[in-house]
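The values are calculated or read from the model by the stated rules, or taken from the named source; none is laboratory data. Because the structure is a prediction, the values reported are computed rather than measured. So basically every Cβ, Gly included, is an ideal-geometry build from the backbone, and we count neighbours across all protein chains shown. Please note that ligands, DNA and RNA were not included when accessible areas were found on the heavy atoms of the full protein model with its side chains. Shrake-Rupley method; radii C 1.70, N 1.55, O 1.52, S 1.80 Å.
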Amino acid sequence: MFIMEQKFKSLSLFEFQEKFSSTDDCKKYLAELKWKDGFVCKRCGYTKSCDGHAPFSRQCNSCHYVETPTANTLFHKVKFDLLKAFYIVYFVSTNKKGITSTELSRKLNLRQKTCWAFKRKVMKAMKSSGNNPIEDNAEVDETVFGGQEEGVRGRKNAKKKLVVIGIEKKIKGVSRLYARVIPDASSTSLGDFMNTHISPSAHIKTDNWLGYTPLKKTFKNLEQIPSGKKGSNFKELHRVIMNLKAWLRGVHHHVNDLQDYLNEYCYRFNRSSMKEGIFDNLMLRMVNTEPCFIKNLSSG
């Protein structure tokens, strides 16, 4: 059984509601996360501060710049109740299959577009840091999202998205997953992905596509084998790919910024064993990610 099939044992809804019953609870939590390693003024770099006039804000003792807990984070200038923004992060992080903006709108009594926009910000925080490459056994392959186009053969696509996917294999299945939209299946594009997410010492299996061959210079343990009938030599990898496509079709139907949705899926997959910490982990990422504004988001 894949790890993704296990139920998250994260913060229960009851526990969440007890911990965050008001906007002040949210601000206090953000302040503790944001300045847990000490205050550093965004304007002048000074490290001494005092309480600001606004609740849980900090004022620089040098230039007197005042910073709120939400400033310069993905909660920056949130235009609706901060508590409801916390609920969005909670539902996105703890629902095994994620949650649509329509469902968030129904649960939180917010406009669907408001939920969509803030959920997209949450997804920005789910992007892989690239700090945890696969060290042991890896498999890599590419696939097309959106279906093969008529008159376009092989790995070339005119409008559909080509995605390279890498997994880490363990005795009991797949322990980690990374996915990236790539412009083509060249050794340059494939190499950029592998250099980010796979250690040069890892044992890697790919099919016989020529784009992987030059990468043996960097990845000494890269082995190319035939894909086999219906991908029989890469059963776990192809099952992961099918599950990912099924999730995308079943939950979201149609998307434009495919990479953000790949990030969301991989984030939850890779942290399904984290259980109690997944909400707090995502909140820390929300605090440490630069603000993202709605004008910079596509409609997908």
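Summary of values
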read-out	value
Distant-in-sequence amide H partners of I182 (H built 1.01 Å from N, under 5 Å)	L162, V163, V164
Long-range HN-HN contacts of K205 with modeled amide H, under 5 Å	A138, E139, V140, E223
Residue order for R180, R249 - accessible surface, 1.4 angstrom probe, largest first	R249, R180
For the chain, alpha-carbon Rg relative to the globular expectation (2.2 N^0.38 Å, N residues)	1.12
Solvent-accessible area per residue for region 230-274 (1.4 angstrom probe, square angstrom)	46 Å²
Distant-in-sequence amide H partners of I134 (H built 1.01 Å from N, under 5 Å)	I198, S199
Formal net charge of residues neighbouring S21 (Cβ-Cβ distance under 14 Å; K, R +1; D, E -1)	-1
Accessible area of region 62-184 divided out per residue, in Å², using a probe of 1.4 angstrom	49 Å²
Portion, in percent, of the accessible area of region 9-160 that falls on carbon or sulfur, probe 1.4 Å	46 percent
